[in-house]
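Below: the structure, in structure tokens.
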Amino acid sequence: MAHALTTAPLTWYHASIEPEPPRPSLEGTIRAQVCVVGGGLCGVATALELAERGIEVVLLEAEAIGHGASGRNGGQIVQGFSASTDTLIRAVGAEDARAVWNLGREAIDLIEERVRRHKIDCDLRWGYFHAAVTQRQLRNLRATARAYADFGYDRCRVIGGDAMRAEVLATDRYVGGMLDPESGQLHPLAYLRGLAGVAAFLGIRLFERSAVTAIDHGPDRATVRTARGMVEAEHVVLAGNAYLGGLVPSLRRRVMPVASFVGVTEPIDPDVADTLFKQDVAVADGNLALDYFRLTADGRLLFGAGASYSATTPLGLRRWLGKRIRRVFPALGGIRVEHVWGGLIGITVNRLPDLGRCGRRLYYAQGFSGQGVALTGLAGKLIAEAIAGDGSRFTLLEQVRHRAFPGGPLRTPLLIAATTLAKLKDRLGL
């Protein structure tokens, strides 16, 4: 048996910071230059970038700010894209691939700049380790480091298991990995709320519990409807990603919601934590259904895992996550997992983000494929630039052609079968 992700309890992120008073729901008809649909990192960043350009914005969130992926993800800031550099070159050509790669670098810089400028307390820390479970994964990481260097980023260092255990992580689970000093971690909900607070200060009208039911395109304006209200706007930005649902069927076919699960332990003894983590890094392995983890500011282990296309939170999740933690760190065999939850990641077929336009008035961004903490903020900036009149950088990603997931009504069971095979290959080291 399982229950839907929408009934999952609040996350450790919500428990670890002060609650916010609810914002009003939309009632009646209002007007704005732009209506943003979605109150996660992408939507709030878009609204903020627009407001900083003097554009009037209304933002509609179906639940509360941070209810979706932005309040549920692992808080990991990762360099580049989920797709390989070869995939990026095939998608946009060699010349534009370098420009797109530089946009990915800018996405990370944007986080640091916004945290500093707005004085957002979100536990931002730098340092990342891509862990290799097999020798094949370690060879792939060496190739990745070379590809990054070809694009002008030569800060990554690949190390073997002995060096890893001495310098990074005390575990026999991995055969080595790649250190990246300019990827990192943060408290995503605190970061989002900080941005939302700045957005409200700039005059952006933020409405919660205002799910969009329909969008109508007129010759002069678009109309965005909710159960009890309506926004008339010159432009609409769809920033719901995996939580957008069937609002625009053509977009839904190009992104697959994938469930991932996260647990947070009780505080770890500081001496034990220092023994296990030689460096304060966020970590993810190279499996398809990967493990990803990091230490929180108050000394807990935040541990995420899984890739389920069934979009349900399984019973026994706490026990399952505990088992995966012990597989990496046997010394934490008795640790108690205090918080567990699930959330949705939006992935594309080629694992590159899907940015584009539907007609003249509707912009969208989706399919960040596990790297949304950084890339959502970049997407917001590119969309704001385009709406303000300069779409040159937006078109670098808009030109990427995205296929619908195969299978039509059978796409979910087909993907479950393919994922099961891939997990088996990971387990066998193939």
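The values are calculated or read from the model by the stated rules, or taken from the named source; none is laboratory data. Computed from a prediction, not measured in an experiment: that's the story for all the values here. Neighbour counts are summed over all protein chains in view; Cβ atoms, including those assigned to glycine, are modelled from backbone coordinates with ideal geometry.
Just to be sure, is R155 in a helix (DSSP H, G or I) and basic (K, R)? So R155 does not fit the description; no. Total residues in the stretch 213-224 satisfying the condition of being part of a strand (DSSP E or B), surrounded by fewer than 16 Cβ atoms within 10 Å (Cβ to Cβ) and not small (G, A, S): the figure is 3.
Within the stretch 118-135, not a single residue is of a type in the set (S, T, N, Q), under 24 Å from R324 (Cα atoms) and either free of Cβ contacts under 8 Å to residues at least 24 places away in the same chain or in a strand (DSSP E or B) (or both). Among the residues in the stretch 317-339, are any modelled with pLDDT under 95 and outside any helix (DSSP H, G or I)? Yes, some residue in the stretch 317-339 is modelled with pLDDT under 95 and outside any helix (DSSP H, G or I).
Of all the residues in the stretch 264-304, those that are under 17 Å from the mean Cα position of the chain (by Cα) and either part of a strand (DSSP E or B) or farther than 15 Å from Q76 by Cβ (or both) number 13. Please state which one of A418, A384, A422 is modelled with pLDDT of 90 or more and not in a loop (DSSP other than H, G, I, E, B). Answer to the check: A384. The single condition from (1) in contact with a strand residue (DSSP E or B) (Cβ under 9 Å, 6 or more places away or on another chain); (2) surrounded by fewer than 20 Cβ atoms within 10 Å (Cβ to Cβ); (3) outside any helix (DSSP H, G or I); (4) of a type outside the set (K, R) that Y174 fails is (2).
Here the stretch 240-290 is the region considered, the condition is being modelled with pLDDT of 95 or more and among the hydroxyl-bearing types (S, T, Y), and the residue that is farthest from M178 (Cα to Cα) is T265.
Residue-wise test of (1) surrounded by 17 or more Cβ atoms within 10 Å (Cβ to Cβ); (2) at negative phi; (3) out of contact with any Gly (no Cβ under 7 Å at 6 or more places or on another chain); (4) not polar (S, T, N, Q).
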residue	(1), (2), (3), (4)
P249	no, yes, yes, yes
E266	no, yes, yes, yes
D269	no, yes, yes, yes
K278	no, yes, yes, yes
A282	yes, yes, no, yes
N287	yes, yes, yes, no
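Within the stretch 166-205, being free of Cβ contacts under 8 Å to residues at least 60 places away in the same chain and among the charged types (D, E, K, R) holds for one residue alone: D172. State whether the residues of the stretch 90-108 include one that is in a helix (DSSP H, G or I), among the aromatic types (F, W, Y) and over 16 Å from the mean Cα position of the chain (by Cα). So far as the stretch 90-108 goes, yes, one or more of its residues are in a helix (DSSP H, G or I), among the aromatic types (F, W, Y) and over 16 Å from the mean Cα position of the chain (by Cα). The set of residues in the stretch 45-60 being of a type outside the set (S, T, Y), closer than 15 Å to L195 by Cβ, touching a strand residue (DSSP E or B) at 6+ places or on another chain (Cβ under 7 Å) and surrounded by 24 or more Cβ atoms within 10 Å (Cβ to Cβ) consists of A47, L50, V57, L59.
Scanning the stretch 55-78 finds no residues that are more than 25 Å from L244 (Cβ to Cβ) and out of contact with any His (no Cβ under 9 Å at 6 or more places or on another chain). How many residues does the stretch 75-89 hold that are among the small types (G, A, S) and either more than 17 Å from I108 (Cα to Cα) or surrounded by fewer than 24 Cβ atoms within 10 Å (Cβ to Cβ) (or both)? Total meeting the criteria: 3. Can you tell me how many residues in the stretch 204-226 are within 16 Å of R23 (Cβ to Cβ) and either at pLDDT below 95 or among the small types (G, A, S) (or both)? Looking only at that region, the number is 2. Residues in the stretch 296-316 that are among the hydrophobic types (A, V, I, L, M, F, W, C) and surrounded by fewer than 20 Cβ atoms within 10 Å (Cβ to Cβ): 4 in all.
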